[in-house]
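Notes follow once the structure below has been shown.
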Amino acid sequence: MDSNDDHNQSERCFLDWMKLQEVDLGELRQALTLKEKNESLLVQIVEKVFQHFQDYVDKRAQLAHNYVSLYFAPSWNSSLENSMLWLAGCRPSSFIRLLYALCGSEVNSHLTEYIEGRKRGDLGDLSSNQLNMVNNLQSKTVKQEEKLTSKLASLQEDLADEPISIIAQRTQTQITGELNEEVERALKDQDEGMMRVMKEADNLRLNTLKELLFGILTPVQAVEYLAASKKLHLCMHEWGKTRDQMHGGRSNY
């Protein structure tokens, strides 16, 4: 497989994922409009949407083995999206920050009902026990993020260290883009390290979201949370494309 094939397949994987998120968002919104909430149906929807995320992560990991560097600054993303990347994706702790933001928004939107003690069952109704679990999850997730960030920093430092720096000094005076066997071997080692870190980051993303959806939130809250999350991701992608076009950037994604 040549480099163009690697890029095209990786881009197609991402675009298919974005289209699927639009479909999922429509189904999640429809579920929220039902007057009678069927809890088992809501659980099925949440499980299906989470499985879509798992499938995307798995497929992306397979493709990344060919050229993992593509995923740390993907050309199919807007500049805005790339500026927010953490280890080829979003920060897992951002899942929790979104939940806090949504909780505050729900409370503000229905302040009178909360003052009167009327329960709605949505994200504004998180119990004290749920909030404690969210807080514990956040602390645990941030610590794991810090460890992975340190791993990435070490890999980046190694790239400027031996043997890469020595190889660069030994090259001919005229700098070319040719990759000899020694360079390829050194860069392959770097790619393998980046691949390991990306997989660990993906696992943290999956595990954090899974704990939120199935360990903390009720089915109704989980559906509401996923709908907001999908809408945010889709909006950020479109806003980023618009900004790039406004500033003369890429317009082919």
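Mind checking which residues of segment 81-101 are surrounded by fewer than 16 Cβ atoms within 10 Å (Cβ to Cβ) and part of a helix (DSSP H, G or I)?
The initial filter retains those residues of segment 81-101 that are surrounded by fewer than 16 Cβ atoms within 10 Å (Cβ to Cβ), namely 82-85, 97, 100-101.
Asn82, Ser83, Arg97, Tyr100, Ala101 - these are the residues of segment 81-101 that are surrounded by fewer than 16 Cβ atoms within 10 Å (Cβ to Cβ) and part of a helix (DSSP H, G or I).
Tell me which of these Asp6 doesn't satisfy, since it passes every other one: (1) within 19 Å of Ala227 (Cα to Cα); (2) open to solvent by less than 40 Å² (accessible area, probe 1.4 Å).
(1)
Looking only at residues in segment 135-159 that are polar (S, T, N, Q) and closer than 29 Å to Ala101 by Cα, which one is surrounded by the most Cβ atoms within 10 Å (Cβ to Cβ)? Give the derivation first.
In the first step, residues of segment 135-159 are kept if they are polar (S, T, N, Q); the result is 135-136, 138-139, 141, 144, 149-150, 154, 156.
Now restrict to residues that are closer than 29 Å to Ala101 by Cα: 135-136, 138-139, 141, 144, 149-150.
Details: Asn135: 12, Asn136: 12, Gln138: 18, Ser139: 11, Thr141: 22, Gln144: 17, Thr149: 15, Ser150: 10.
Of everything passing the filter in segment 135-159, Thr141 is surrounded by the most Cβ atoms within 10 Å (Cβ to Cβ).
If a residue has to be at pLDDT 90 or above, charged (D, E, K, R) and open to solvent by 50 Å² or more (accessible area, probe 1.4 Å) to count, how many in segment 23-52 make the cut?
Going through segment 23-52 one residue at a time, the tally reaches 5.
Do any residues in segment 192-220 that are touching a residue at least 40 places away in the same chain (Cβ under 8 Å) and within 14 Å of Glu47 (Cβ to Cβ) have Cβ atoms under 8 Å from those of residues that are part of a helix (DSSP H, G or I) and open to solvent by 60 Å² or more (accessible area, probe 1.4 Å), where the two are at least six apart or on different chains, and which pairs are they?
Gly215/Met133; Pro219/Glu39
Could you please tell me which pairs satisfy a Cβ distance under 8 Å, a separation of 6+ or placement on different chains, a first residue in segment 6-22 that is in contact (Cβ under 8 Å) with a residue 12 or more places away in the chain and of a type in the set (Gly, Ala, Ser), and a second residue that is open to solvent by less than 60 Å² (accessible area, probe 1.4 Å) and assigned to a helix (DSSP H, G or I)?
Ser10/Arg60; Ser10/Leu63; Ser10/Ala64; Ser10/Leu70; Ser10/Tyr71
So that you can scan it fast, the table gives a plain yes or no per residue for (1) farther than 28 Å from Glu224 by Cα; (2) not in a loop (DSSP other than H, G, I, E, B):
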position: Glu11; (1), (2): yes, yes
position: Asp16; (1), (2): no, yes
position: Ala31; (1), (2): no, yes
position: Glu36; (1), (2): no, no
position: Leu41; (1), (2): no, yes
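Yes or no: Leu20 surrounded by 15 or more Cβ atoms within 10 Å (Cβ to Cβ), part of a loop (DSSP other than H, G, I, E, B), out of contact with any Phe, Trp or Tyr (no Cβ under 7 Å at 6 or more places or on another chain) and of a type in the set (A, V, I, L, M, F, W, C)?
Details: surrounded by 15 or more Cβ atoms within 10 Å (Cβ to Cβ): yes; part of a loop (DSSP other than H, G, I, E, B): no; out of contact with any Phe, Trp or Tyr (no Cβ under 7 Å at 6 or more places or on another chain): yes; of a type in the set (A, V, I, L, M, F, W, C): yes.
Considered against the rule, which asks whether it is surrounded by 15 or more Cβ atoms within 10 Å (Cβ to Cβ), part of a loop (DSSP other than H, G, I, E, B), out of contact with any Phe, Trp or Tyr (no Cβ under 7 Å at 6 or more places or on another chain) and of a type in the set (A, V, I, L, M, F, W, C), Leu20 comes out as no.
So which residues in segment 218-242 are surrounded by fewer than 21 Cβ atoms within 10 Å (Cβ to Cβ) and acidic (Asp, Glu), if there are any at all?
Answer for segment 218-242, where residues must be surrounded by fewer than 21 Cβ atoms within 10 Å (Cβ to Cβ) and acidic (Asp, Glu): just Glu238.
Answer yes or no as to whether Val134 is in contact with a Ser or Thr (Cβ under 7 Å, 6 or more places away or on another chain) and at pLDDT 95 or above.
Numbers: in contact with a Ser or Thr (Cβ under 7 Å, 6 or more places away or on another chain): no; at pLDDT 95 or above: yes.
Answer is no for this residue.
Quick one: which residue in Asp58, Asp16, Asp6, Asp24 is within 27 Å of Lys188 (Cβ to Cβ) and under 19 Å from the mean Cα position of the chain (by Cα)? Spell out how you get there, then give the answer.
Working: Asp16 fails: within 27 Å of Lys188 (Cβ to Cβ); Asp6 fails: under 19 Å from the mean Cα position of the chain (by Cα); Asp24 fails: within 27 Å of Lys188 (Cβ to Cβ).
Every option except Asp58 fails the conditions.
Considering only residues that are open to solvent by less than 50 Å² (accessible area, probe 1.4 Å), over 16 Å from Met194 (Cα atoms) and either in contact with a strand residue (DSSP E or B) (Cβ under 7 Å, 6 or more places away or on another chain) or in a helix (DSSP H, G or I) (or both), which ones fall in segment 55-76?
Listed by number, the list holds a single entry, Tyr56.
The values are calculated or read from the model by the stated rules, or taken from the named source; none is laboratory data. Since this is a predicted model, take the numbers as computed values, not measurements. All Cβ positions, glycine included, derive from the backbone under ideal geometry; neighbour counts span all protein chains shown. Ligands, DNA and RNA are stripped out before the accessible areas are found, and what is left, the full protein with its side chains, is counted by its heavy atoms. Shrake-Rupley method; radii C 1.70, N 1.55, O 1.52, S 1.80 Å.
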